[in-house]
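Beneath this line is the structure, given in C-alpha coordinates, with notes to follow.
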Amino acid sequence: MELPYIEPYKTKMVESINRSTVEQRKAWIEEAGYNLFKLSSDQVMIDLLTDSGTGAMSDKQWAEIMLGDESYAGSSSFIKLASTVKQLTGFEYFIPTHQGRAAENVLFSALVKEGDLIPGNSHFDTTKGHIEFRKATAVDCTIDEAFDTSVYHPFKGNLDIQKLEHTIRSNTKKKIPFVLITVTCNSSGGQPVSMQNIRDVHAVCKQYQIPLYFDSARFAENAYFIKLREKGYEHKSIIEIVREMFSYGDGMTMSAKKDGIVNMGGFIALKSLEIYRECITYNIMYEGFVTYGGMSGRDMGALAQGLNEAVTLDYLESRINQVHYLGQRLVEFGVPVQQPFGGHAIYLDADKFVPTIPKGEYRAQALAIELYTVAGIRGVEIGTILADRDPATREDRYPKLELVRLAIPRRTYTQAHMEYVAVAIKKVYETRNEAKKGYYIKWEAPIMRHFTVELEKLS
Ligand code: F0G
(Lines give C-alpha, C1' and ligand atoms only; values in the text may rest on other atoms or scores of the structure.)
Protein backbone atom coordinates (compact mmCIF):
# COMPACT_ATOMS: atom_id res chain seq x y z
CA MET A 1 0.00 0.00 0.00
CA GLU A 2 1.27 3.45 -0.90
CA LEU A 3 1.47 5.90 1.95
CA PRO A 4 -0.43 9.19 1.61
CA TYR A 5 1.41 12.44 0.97
CA ILE A 6 2.24 14.74 3.84
CA GLU A 7 2.98 18.44 3.90
CA PRO A 8 6.80 18.66 3.82
CA TYR A 9 6.86 21.23 6.64
CA LYS A 10 5.61 21.69 10.17
CA THR A 11 4.28 24.73 12.00
CA LYS A 12 6.50 27.06 14.04
CA MET A 13 4.16 30.02 14.37
CA VAL A 14 0.38 30.23 14.19
CA GLU A 15 -2.08 32.97 13.34
CA SER A 16 -5.56 32.71 14.85
CA ILE A 17 -8.73 32.57 12.84
CA ASN A 18 -11.59 34.71 14.09
CA ARG A 19 -14.66 32.50 14.20
CA SER A 20 -18.01 34.08 13.44
CA THR A 21 -21.69 33.18 13.12
CA VAL A 22 -24.02 33.20 10.12
CA GLU A 23 -25.90 36.15 11.64
CA GLN A 24 -22.73 38.22 12.04
CA ARG A 25 -21.65 37.45 8.48
CA LYS A 26 -25.05 38.40 7.07
CA ALA A 27 -24.68 41.83 8.66
CA TRP A 28 -21.04 42.24 7.60
CA ILE A 29 -21.61 41.37 3.95
CA GLU A 30 -24.61 43.70 3.76
CA GLU A 31 -22.46 46.48 5.24
CA ALA A 32 -19.79 45.66 2.64
CA GLY A 33 -22.28 46.28 -0.20
CA TYR A 34 -22.22 42.56 -0.96
CA ASN A 35 -18.66 42.98 -2.18
CA LEU A 36 -16.26 40.42 -0.70
CA PHE A 37 -13.27 42.72 -1.35
CA LYS A 38 -14.75 45.13 1.18
CA LEU A 39 -14.77 42.71 4.09
CA SER A 40 -12.05 43.05 6.66
CA SER A 41 -9.92 39.94 7.01
CA ASP A 42 -11.11 39.24 10.57
CA GLN A 43 -14.63 38.88 9.19
CA VAL A 44 -13.35 35.96 7.11
CA MET A 45 -12.60 32.46 8.42
CA ILE A 46 -10.95 30.83 5.42
CA ASP A 47 -9.62 33.36 2.94
CA LEU A 48 -9.46 31.96 -0.58
CA LEU A 49 -9.71 35.34 -2.31
CA THR A 50 -6.27 34.90 -3.82
CA ASP A 51 -3.07 32.88 -3.67
CA SER A 52 -1.15 36.08 -4.39
CA GLY A 53 1.10 37.26 -1.58
CA THR A 54 -0.87 35.22 0.93
CA GLY A 55 1.50 32.27 1.32
CA ALA A 56 3.57 31.38 4.38
CA MET A 57 7.32 31.99 4.27
CA SER A 58 9.69 29.34 5.56
CA ASP A 59 12.17 29.67 8.44
CA LYS A 60 14.95 29.97 5.85
CA GLN A 61 13.09 32.82 4.14
CA TRP A 62 12.66 34.59 7.48
CA ALA A 63 16.39 34.10 8.06
CA GLU A 64 16.98 35.92 4.76
CA ILE A 65 14.87 38.80 6.11
CA MET A 66 17.47 39.20 8.87
CA LEU A 67 20.31 38.95 6.36
CA GLY A 68 18.84 41.64 4.08
CA ASP A 69 21.34 44.16 2.80
CA GLU A 70 19.58 47.51 2.45
CA SER A 71 22.24 49.28 0.42
CA TYR A 72 20.71 51.48 -2.26
CA ALA A 73 22.96 50.15 -5.00
CA GLY A 74 24.48 46.71 -5.52
CA SER A 75 23.25 45.05 -2.32
CA SER A 76 24.28 41.46 -1.64
CA SER A 77 20.54 40.58 -1.48
CA PHE A 78 20.11 41.86 -5.03
CA ILE A 79 23.14 39.87 -6.19
CA LYS A 80 21.76 36.74 -4.52
CA LEU A 81 18.37 37.18 -6.20
CA ALA A 82 19.80 38.05 -9.62
CA SER A 83 21.99 34.96 -9.61
CA THR A 84 19.12 32.70 -8.45
CA VAL A 85 16.90 33.99 -11.27
CA LYS A 86 19.66 33.56 -13.83
CA GLN A 87 20.41 30.04 -12.64
CA LEU A 88 16.71 29.07 -12.70
CA THR A 89 15.59 30.72 -15.91
CA GLY A 90 18.74 31.01 -17.98
CA PHE A 91 17.95 34.67 -18.70
CA GLU A 92 21.00 36.90 -18.52
CA TYR A 93 19.47 40.23 -17.47
CA PHE A 94 17.39 40.81 -14.37
CA ILE A 95 15.29 43.79 -13.19
CA PRO A 96 13.45 43.71 -9.83
CA THR A 97 10.03 45.38 -9.54
CA HIS A 98 7.61 45.72 -6.65
CA GLN A 99 5.08 43.22 -8.06
CA GLY A 100 3.94 41.51 -11.28
CA ARG A 101 1.90 44.33 -12.80
CA ALA A 102 4.84 46.67 -12.23
CA ALA A 103 7.01 44.31 -14.29
CA GLU A 104 4.33 44.47 -17.00
CA ASN A 105 4.27 48.25 -16.82
CA VAL A 106 8.03 48.52 -17.25
CA LEU A 107 8.40 45.89 -19.99
CA PHE A 108 5.35 47.06 -21.94
CA SER A 109 6.50 50.68 -21.74
CA ALA A 110 9.49 49.55 -23.75
CA LEU A 111 7.74 47.16 -26.13
CA VAL A 112 4.04 47.99 -26.65
CA LYS A 113 2.83 50.83 -28.87
CA GLU A 114 -0.61 52.07 -29.97
CA GLY A 115 -2.28 49.73 -32.47
CA ASP A 116 -0.10 46.70 -31.61
CA LEU A 117 -1.49 43.19 -31.17
CA ILE A 118 -0.32 40.85 -28.42
CA PRO A 119 -1.55 37.29 -28.93
CA GLY A 120 -1.53 34.96 -25.95
CA ASN A 121 -3.48 32.50 -23.82
CA SER A 122 -6.17 34.41 -21.87
CA HIS A 123 -4.04 37.31 -20.63
CA PHE A 124 -4.46 38.11 -16.94
CA ASP A 125 -6.54 41.28 -16.15
CA THR A 126 -3.59 43.51 -15.24
CA THR A 127 -1.69 42.30 -18.30
CA LYS A 128 -4.65 43.08 -20.53
CA GLY A 129 -5.08 46.38 -18.69
CA HIS A 130 -1.48 47.39 -19.41
CA ILE A 131 -1.90 46.42 -23.06
CA GLU A 132 -5.22 48.24 -23.52
CA PHE A 133 -3.99 51.27 -21.60
CA ARG A 134 -1.42 51.65 -24.42
CA LYS A 135 -4.23 51.37 -27.01
CA ALA A 136 -2.99 47.97 -28.11
CA THR A 137 -5.05 44.75 -28.24
CA ALA A 138 -4.65 41.46 -26.41
CA VAL A 139 -5.76 38.61 -28.70
CA ASP A 140 -6.91 35.49 -26.90
CA CYS A 141 -5.66 32.37 -28.71
CA THR A 142 -6.45 29.82 -25.97
CA ILE A 143 -7.69 26.41 -27.15
CA ASP A 144 -11.50 26.03 -27.17
CA GLU A 145 -11.41 23.11 -24.71
CA ALA A 146 -10.45 25.61 -21.99
CA PHE A 147 -13.96 27.06 -22.03
CA ASP A 148 -15.86 23.85 -21.32
CA THR A 149 -15.50 23.00 -17.64
CA SER A 150 -16.51 19.38 -18.11
CA VAL A 151 -14.07 18.47 -20.91
CA TYR A 152 -10.85 16.80 -19.83
CA HIS A 153 -7.70 18.15 -21.44
CA PRO A 154 -4.35 17.84 -19.64
CA PHE A 155 -3.13 21.26 -20.82
CA LYS A 156 -6.08 23.61 -21.00
CA GLY A 157 -3.72 26.59 -20.89
CA ASN A 158 -2.40 25.76 -24.37
CA LEU A 159 -2.53 28.21 -27.23
CA ASP A 160 -4.36 27.16 -30.37
CA ILE A 161 -1.58 27.26 -32.97
CA GLN A 162 -4.07 27.82 -35.81
CA LYS A 163 -5.65 30.78 -34.01
CA LEU A 164 -2.16 32.16 -33.42
CA GLU A 165 -1.07 31.78 -37.05
CA HIS A 166 -4.38 33.21 -38.23
CA THR A 167 -3.90 36.27 -36.00
CA ILE A 168 -0.42 36.81 -37.39
CA ARG A 169 -1.34 36.21 -41.06
CA SER A 170 -4.51 38.30 -41.07
CA ASN A 171 -2.83 41.29 -39.45
CA THR A 172 0.24 41.88 -41.56
CA LYS A 173 -0.24 45.64 -41.28
CA LYS A 174 -0.22 45.56 -37.49
CA LYS A 175 2.83 45.18 -35.33
CA ILE A 176 3.04 42.17 -33.04
CA PRO A 177 5.80 43.11 -30.60
CA PHE A 178 5.65 39.69 -28.91
CA VAL A 179 3.52 36.66 -28.16
CA LEU A 180 2.79 36.13 -24.46
CA ILE A 181 2.39 32.72 -22.81
CA THR A 182 0.99 32.78 -19.28
CA VAL A 183 2.09 29.81 -17.14
CA THR A 184 -0.08 28.53 -15.64
CA CYS A 185 -3.00 30.25 -17.33
CA ASN A 186 -4.81 31.98 -14.47
CA SER A 187 -7.70 33.35 -16.54
CA SER A 188 -8.62 29.92 -17.86
CA GLY A 189 -8.49 28.35 -14.40
CA GLY A 190 -4.84 27.86 -13.41
CA GLN A 191 -4.46 25.48 -16.32
CA PRO A 192 -0.99 24.45 -17.49
CA VAL A 193 0.67 24.85 -20.88
CA SER A 194 2.52 21.81 -22.25
CA MET A 195 6.16 21.87 -23.31
CA GLN A 196 5.08 20.72 -26.75
CA ASN A 197 2.77 23.72 -27.03
CA ILE A 198 5.52 26.09 -25.86
CA ARG A 199 7.79 24.54 -28.50
CA ASP A 200 5.11 24.92 -31.19
CA VAL A 201 4.45 28.56 -30.28
CA HIS A 202 8.19 29.16 -30.32
CA ALA A 203 8.40 27.66 -33.83
CA VAL A 204 5.64 29.98 -35.09
CA CYS A 205 7.33 32.96 -33.43
CA LYS A 206 10.63 32.03 -35.04
CA GLN A 207 9.02 31.67 -38.45
CA TYR A 208 7.48 35.15 -38.27
CA GLN A 209 10.38 36.64 -36.27
CA ILE A 210 8.23 37.60 -33.31
CA PRO A 211 9.73 37.51 -29.81
CA LEU A 212 8.16 35.22 -27.20
CA TYR A 213 7.64 36.25 -23.59
CA PHE A 214 6.28 34.48 -20.54
CA ASP A 215 4.00 35.75 -17.79
CA SER A 216 5.55 33.40 -15.27
CA ALA A 217 3.65 33.97 -12.00
CA ARG A 218 3.03 30.22 -11.55
CA PHE A 219 5.92 28.79 -13.58
CA ALA A 220 6.86 26.14 -10.99
CA GLU A 221 3.31 24.77 -10.84
CA ASN A 222 3.31 24.64 -14.65
CA ALA A 223 6.59 22.69 -14.63
CA TYR A 224 5.13 20.23 -12.12
CA PHE A 225 2.13 19.56 -14.41
CA ILE A 226 4.51 18.96 -17.32
CA LYS A 227 6.40 16.42 -15.22
CA LEU A 228 3.15 14.78 -14.18
CA ARG A 229 1.28 14.73 -17.48
CA GLU A 230 3.65 15.08 -20.43
CA LYS A 231 5.41 12.09 -21.93
CA GLY A 232 9.19 12.31 -21.80
CA TYR A 233 9.28 14.58 -18.74
CA GLU A 234 8.46 12.12 -15.96
CA HIS A 235 12.15 11.64 -15.09
CA LYS A 236 13.25 15.23 -15.52
CA SER A 237 13.79 17.45 -12.51
CA ILE A 238 11.57 20.52 -12.04
CA ILE A 239 14.61 22.75 -12.56
CA GLU A 240 15.40 21.05 -15.86
CA ILE A 241 11.80 21.54 -17.00
CA VAL A 242 11.77 25.19 -15.90
CA ARG A 243 15.00 25.85 -17.78
CA GLU A 244 13.69 24.19 -20.92
CA MET A 245 10.42 26.19 -20.76
CA PHE A 246 12.27 29.49 -20.54
CA SER A 247 14.87 28.47 -23.15
CA TYR A 248 12.16 29.07 -25.79
CA GLY A 249 11.53 32.63 -24.62
CA ASP A 250 13.09 36.06 -24.99
CA GLY A 251 12.09 37.13 -21.53
CA MET A 252 9.58 36.96 -18.71
CA THR A 253 7.60 39.01 -16.24
CA MET A 254 7.05 37.59 -12.80
CA SER A 255 4.65 38.22 -9.96
CA ALA A 256 6.79 36.78 -7.16
CA LYS A 257 3.73 36.80 -4.88
CA LYS A 258 2.79 33.43 -6.34
CA ASP A 259 5.60 30.96 -7.07
CA GLY A 260 8.17 33.18 -5.38
CA ILE A 261 6.30 32.45 -2.11
CA VAL A 262 6.77 35.99 -0.83
CA ASN A 263 4.19 38.53 0.23
CA MET A 264 5.35 41.20 -2.21
CA GLY A 265 7.72 41.34 -5.16
CA GLY A 266 8.22 40.84 -8.86
CA PHE A 267 10.78 41.02 -11.63
CA ILE A 268 11.61 41.00 -15.32
CA ALA A 269 14.26 38.68 -16.78
CA LEU A 270 15.56 39.12 -20.32
CA LYS A 271 17.80 37.66 -22.96
CA SER A 272 18.58 40.90 -24.76
CA LEU A 273 20.89 43.62 -23.48
CA GLU A 274 19.19 46.13 -25.75
CA ILE A 275 15.72 45.54 -24.27
CA TYR A 276 17.23 45.48 -20.79
CA ARG A 277 18.69 48.93 -21.41
CA GLU A 278 15.34 50.24 -22.60
CA CYS A 279 13.57 48.81 -19.57
CA ILE A 280 15.92 50.15 -16.92
CA THR A 281 15.02 53.74 -17.71
CA TYR A 282 11.35 52.98 -17.07
CA ASN A 283 12.28 50.95 -14.01
CA ILE A 284 14.17 53.86 -12.49
CA MET A 285 11.22 56.18 -13.19
CA TYR A 286 8.46 53.89 -11.94
CA GLU A 287 9.99 51.39 -9.52
CA GLY A 288 13.35 52.42 -8.14
CA PHE A 289 17.02 51.98 -8.88
CA VAL A 290 17.87 48.86 -10.92
CA THR A 291 19.22 46.92 -7.95
CA TYR A 292 16.08 47.15 -5.84
CA GLY A 293 13.12 48.20 -8.05
CA GLY A 294 10.61 48.70 -5.27
CA MET A 295 11.77 45.84 -3.06
CA SER A 296 13.71 45.97 0.20
CA GLY A 297 16.98 44.05 0.33
CA ARG A 298 15.45 41.66 2.86
CA ASP A 299 12.53 40.96 0.53
CA MET A 300 14.90 40.18 -2.33
CA GLY A 301 16.76 37.71 -0.11
CA ALA A 302 13.51 36.02 0.95
CA LEU A 303 12.44 35.83 -2.69
CA ALA A 304 15.71 34.17 -3.76
CA GLN A 305 15.14 31.52 -1.08
CA GLY A 306 11.41 31.22 -1.96
CA LEU A 307 12.19 30.57 -5.63
CA ASN A 308 14.56 27.79 -4.67
CA GLU A 309 11.90 26.22 -2.44
CA ALA A 310 9.16 26.57 -5.07
CA VAL A 311 10.99 24.30 -7.51
CA THR A 312 11.43 21.40 -5.08
CA LEU A 313 9.38 18.33 -5.85
CA ASP A 314 8.28 17.79 -2.24
CA TYR A 315 6.81 21.25 -2.03
CA LEU A 316 5.08 21.11 -5.41
CA GLU A 317 3.63 17.66 -4.76
CA SER A 318 2.00 18.76 -1.53
CA ARG A 319 0.89 22.09 -3.02
CA ILE A 320 -0.87 20.52 -6.00
CA ASN A 321 -2.16 17.61 -3.92
CA GLN A 322 -3.80 19.99 -1.47
CA VAL A 323 -5.63 21.85 -4.24
CA HIS A 324 -6.62 18.52 -5.78
CA TYR A 325 -7.83 17.14 -2.47
CA LEU A 326 -10.39 19.95 -2.30
CA GLY A 327 -11.38 19.45 -5.95
CA GLN A 328 -11.73 15.72 -5.52
CA ARG A 329 -13.97 16.04 -2.47
CA LEU A 330 -16.23 18.43 -4.40
CA VAL A 331 -16.44 16.00 -7.31
CA GLU A 332 -17.41 13.25 -4.85
CA PHE A 333 -20.22 15.52 -3.60
CA GLY A 334 -21.40 16.09 -7.19
CA VAL A 335 -20.53 19.79 -7.14
CA PRO A 336 -19.84 21.23 -10.64
CA VAL A 337 -16.19 22.32 -10.74
CA GLN A 338 -13.78 23.00 -13.54
CA GLN A 339 -11.81 19.91 -14.54
CA PRO A 340 -9.04 19.03 -14.55
CA PHE A 341 -8.31 21.04 -11.41
CA GLY A 342 -5.97 23.97 -11.81
CA GLY A 343 -2.71 24.42 -9.97
CA HIS A 344 -3.61 27.18 -7.55
CA ALA A 345 -7.38 27.14 -7.31
CA ILE A 346 -10.63 25.26 -7.65
CA TYR A 347 -13.32 26.93 -9.72
CA LEU A 348 -17.01 26.41 -9.03
CA ASP A 349 -19.10 26.49 -12.19
CA ALA A 350 -21.87 28.91 -11.22
CA ASP A 351 -23.83 28.38 -14.44
CA LYS A 352 -24.31 24.76 -13.42
CA PHE A 353 -24.39 25.37 -9.66
CA VAL A 354 -27.11 28.05 -9.56
CA PRO A 355 -28.82 28.11 -12.98
CA THR A 356 -31.97 29.18 -11.12
CA ILE A 357 -30.52 32.68 -10.63
CA PRO A 358 -30.96 34.74 -13.83
CA LYS A 359 -27.71 35.46 -15.66
CA GLY A 360 -28.24 39.22 -15.46
CA GLU A 361 -28.36 38.99 -11.66
CA TYR A 362 -24.69 38.04 -11.21
CA ARG A 363 -25.09 34.41 -10.28
CA ALA A 364 -21.39 33.74 -9.58
CA GLN A 365 -21.29 36.69 -7.20
CA ALA A 366 -24.49 35.41 -5.55
CA LEU A 367 -22.84 32.03 -5.04
CA ALA A 368 -19.68 33.60 -3.58
CA ILE A 369 -21.84 35.63 -1.15
CA GLU A 370 -23.80 32.55 -0.10
CA LEU A 371 -20.60 30.60 0.59
CA TYR A 372 -19.30 33.45 2.71
CA THR A 373 -22.56 33.76 4.64
CA VAL A 374 -22.92 30.04 5.32
CA ALA A 375 -19.30 29.29 6.23
CA GLY A 376 -17.13 32.41 6.36
CA ILE A 377 -15.22 31.35 3.25
CA ARG A 378 -14.12 34.14 0.92
CA GLY A 379 -13.75 33.22 -2.73
CA VAL A 380 -13.91 35.57 -5.68
CA GLU A 381 -16.28 36.02 -8.59
CA ILE A 382 -14.72 35.40 -11.99
CA GLY A 383 -17.80 36.24 -13.99
CA THR A 384 -19.89 39.10 -15.32
CA ILE A 385 -18.93 41.63 -12.65
CA LEU A 386 -15.22 41.03 -13.34
CA ALA A 387 -15.79 41.01 -17.12
CA ASP A 388 -17.10 44.58 -16.83
CA ARG A 389 -19.07 46.49 -19.46
CA ASP A 390 -18.46 46.70 -23.19
CA PRO A 391 -16.58 50.00 -23.63
CA ALA A 392 -18.76 50.93 -26.64
CA THR A 393 -22.29 49.83 -25.65
CA ARG A 394 -21.84 50.01 -21.84
CA GLU A 395 -23.80 46.74 -21.65
CA ASP A 396 -22.62 43.98 -19.30
CA ARG A 397 -20.19 41.65 -21.07
CA TYR A 398 -21.10 38.03 -20.35
CA PRO A 399 -17.94 35.91 -20.22
CA LYS A 400 -17.85 32.32 -21.52
CA LEU A 401 -17.67 31.03 -17.96
CA GLU A 402 -19.38 32.19 -14.81
CA LEU A 403 -17.07 30.99 -12.00
CA VAL A 404 -16.26 31.35 -8.33
CA ARG A 405 -12.53 30.95 -7.74
CA LEU A 406 -11.29 29.40 -4.53
CA ALA A 407 -7.58 30.18 -4.62
CA ILE A 408 -5.46 28.30 -2.12
CA PRO A 409 -2.65 30.28 -0.45
CA ARG A 410 0.68 28.43 -0.37
CA ARG A 411 1.54 26.50 2.85
CA THR A 412 -1.13 28.42 4.79
CA TYR A 413 -4.10 26.11 5.36
CA THR A 414 -4.25 22.47 6.45
CA GLN A 415 -6.10 19.45 5.15
CA ALA A 416 -8.75 20.07 7.87
CA HIS A 417 -9.37 23.52 6.44
CA MET A 418 -9.80 22.00 2.98
CA GLU A 419 -12.28 19.49 4.39
CA TYR A 420 -14.23 22.31 6.04
CA VAL A 421 -14.39 24.17 2.72
CA ALA A 422 -15.55 21.05 0.85
CA VAL A 423 -18.30 20.26 3.35
CA ALA A 424 -19.44 23.90 3.44
CA ILE A 425 -19.79 23.94 -0.34
CA LYS A 426 -21.70 20.66 -0.22
CA LYS A 427 -24.09 22.30 2.25
CA VAL A 428 -24.63 25.27 -0.08
CA TYR A 429 -25.07 22.88 -3.00
CA GLU A 430 -27.81 20.96 -1.19
CA THR A 431 -29.96 24.09 -0.95
CA ARG A 432 -29.06 25.48 -4.37
CA ASN A 433 -32.58 25.28 -5.79
CA GLU A 434 -33.84 27.72 -3.19
CA ALA A 435 -31.64 30.41 -4.75
CA LYS A 436 -33.86 32.27 -7.21
CA LYS A 437 -32.76 35.86 -6.95
CA GLY A 438 -29.41 37.52 -7.39
CA TYR A 439 -28.18 41.10 -7.05
CA TYR A 440 -28.22 44.44 -8.87
CA ILE A 441 -25.52 47.07 -9.00
CA LYS A 442 -26.11 50.17 -6.88
CA TRP A 443 -22.80 51.83 -7.73
CA GLU A 444 -19.80 50.94 -9.87
CA ALA A 445 -16.52 52.50 -11.01
CA PRO A 446 -16.02 53.11 -14.76
CA ILE A 447 -13.25 50.47 -14.98
CA MET A 448 -12.09 47.57 -12.75
CA ARG A 449 -15.50 47.75 -11.11
CA HIS A 450 -15.24 44.45 -9.26
CA PHE A 451 -12.93 45.81 -6.57
CA THR A 452 -15.30 48.54 -5.41
CA VAL A 453 -18.74 47.68 -6.77
CA GLU A 454 -21.70 48.09 -4.41
CA LEU A 455 -24.57 45.65 -4.80
CA GLU A 456 -28.07 45.22 -3.44
CA LYS A 457 -30.07 42.05 -3.02
CA LEU A 458 -33.05 41.52 -5.30
CA SER A 459 -36.05 40.34 -3.38
N1 F0G B 1 -0.04 37.62 -14.11
C2 F0G B 1 -0.81 36.65 -13.59
C3 F0G B 1 -0.98 35.36 -14.33
C4 F0G B 1 -1.44 36.85 -12.36
O5 F0G B 1 -2.21 35.89 -11.85
C6 F0G B 1 -1.25 38.09 -11.69
C7 F0G B 1 -1.91 38.36 -10.42
C8 F0G B 1 -0.43 39.07 -12.28
C9 F0G B 1 0.16 38.79 -13.49
C10 F0G B 1 -0.19 40.40 -11.63
O11 F0G B 1 0.69 40.26 -10.58
O12 F0G B 1 -0.64 40.95 -8.56
O13 F0G B 1 1.86 40.80 -8.50
O14 F0G B 1 0.74 42.60 -9.75
N15 F0G B 1 -2.85 37.68 -9.95
C16 F0G B 1 -3.50 37.82 -8.67
C17 F0G B 1 -4.61 36.82 -8.54
C18 F0G B 1 -3.89 39.20 -8.31
O19 F0G B 1 -5.38 36.92 -7.56
O20 F0G B 1 -4.72 35.91 -9.36
P21 F0G B 1 0.64 41.20 -9.28
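Just a few scattered comments:
- Of the criteria (1) within 12 Å of the ligand (Cβ to nearest atom); (2) over 21 Å from residue 342 (Cβ atoms); (3) in a strand (DSSP E or B), which one residue 252 fails: (2)
- Residue check for residue 325: among the aromatic types (Phe, Trp, Tyr), part of a helix (DSSP H, G or I) and surrounded by 22 or more Cβ atoms within 10 Å (Cβ to Cβ): no
- Looking across segment 303-322, the residues that are among the hydrophobic types (A, V, I, L, M, F, W, C), in a helix (DSSP H, G or I) and either under 17 Å from the mean Cα position of the chain (by Cα) or within 25 Å of residue 99 (Cα to Cα) (or both) come down to 303, 304, 307, 310, 316, 320.
- So residue 109, is it modelled with pLDDT of 95 or more, within 16 Å of the ligand (Cβ to nearest atom) and surrounded by fewer than 24 Cβ atoms within 10 Å (Cβ to Cβ): yes
Conditions (1) touching a residue at least 40 places away in the same chain (Cβ under 8 Å); (2) in the same structural domain as residue 378 (by TED's automatic domain parsing), marked per residue:
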{"site": "274", "(1), (2)": "no, no"}
{"site": "280", "(1), (2)": "yes, no"}
{"site": "294", "(1), (2)": "yes, no"}
{"site": "298", "(1), (2)": "yes, no"}
{"site": "305", "(1), (2)": "yes, no"}
{"site": "327", "(1), (2)": "no, yes"}
{"site": "353", "(1), (2)": "yes, yes"}
{"site": "358", "(1), (2)": "yes, yes"}
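- Considering each residue of segment 89-105 in turn, at least one proves to be buried (at least 21 other Cβ atoms within 10 Å of the Cβ) and charged (D, E, K, R).
- Selection from segment 57-88 of residues that are buried (at least 18 other Cβ atoms within 10 Å of the Cβ) and among the aliphatic types (A, V, I, L, M): 57, 81, 82, 85, 88
- Qualifying residue in segment 360-379 (condition: of a type in the set (D, E, K, R) and within 18 Å of residue 125 (Cα to Cα)): no
- The one condition from (1) of a type in the set (D, E, K, R); (2) over 30 Å from residue 245 (Cβ atoms); (3) surrounded by fewer than 19 Cβ atoms within 10 Å (Cβ to Cβ); (4) in contact (Cβ under 8 Å) with a residue 12 or more places away in the chain that residue 378 does not meet is (3).
- Residues that are more than 16 Å from the ligand (Cβ to nearest atom), part of a loop (DSSP other than H, G, I, E, B) and closer than 25 Å to residue 196 by Cα are absent from segment 118-126 altogether.
- Going through (1) outside any strand (DSSP E or B); (2) touching an Asp or Glu at 6+ places or on another chain (Cβ under 8 Å) one by one, residue 73 falls short only on (2).
- Leading residue by the ranking (surrounded by the fewest Cβ atoms within 10 Å (Cβ to Cβ)) among those in segment 114-157 that are acidic (Asp, Glu) and more than 18 Å from the chain's Cα centre (by Cα): 114
- Qualifying residue in segment 256-278 (condition: assigned to a helix (DSSP H, G or I), surrounded by fewer than 24 Cβ atoms within 10 Å (Cβ to Cβ), of a type in the set (Phe, Trp, Tyr) and away from the ligand (no atom under 16 Å from the Cβ)): yes
- Count of residues meeting criterion [in contact with a helix residue (DSSP H, G or I) (Cβ under 7 Å, 6 or more places away or on another chain) and more than 15 Å from residue 346 (Cβ to Cβ)] in segment 385-401: 8
The values are calculated or read from the model by the stated rules, or taken from the named source; none is laboratory data. Since the model is a prediction, treat every value here as computed from it, not as a measurement. So basically every Cβ, Gly included, is an ideal-geometry build from the backbone, and we count neighbours across all protein chains shown.
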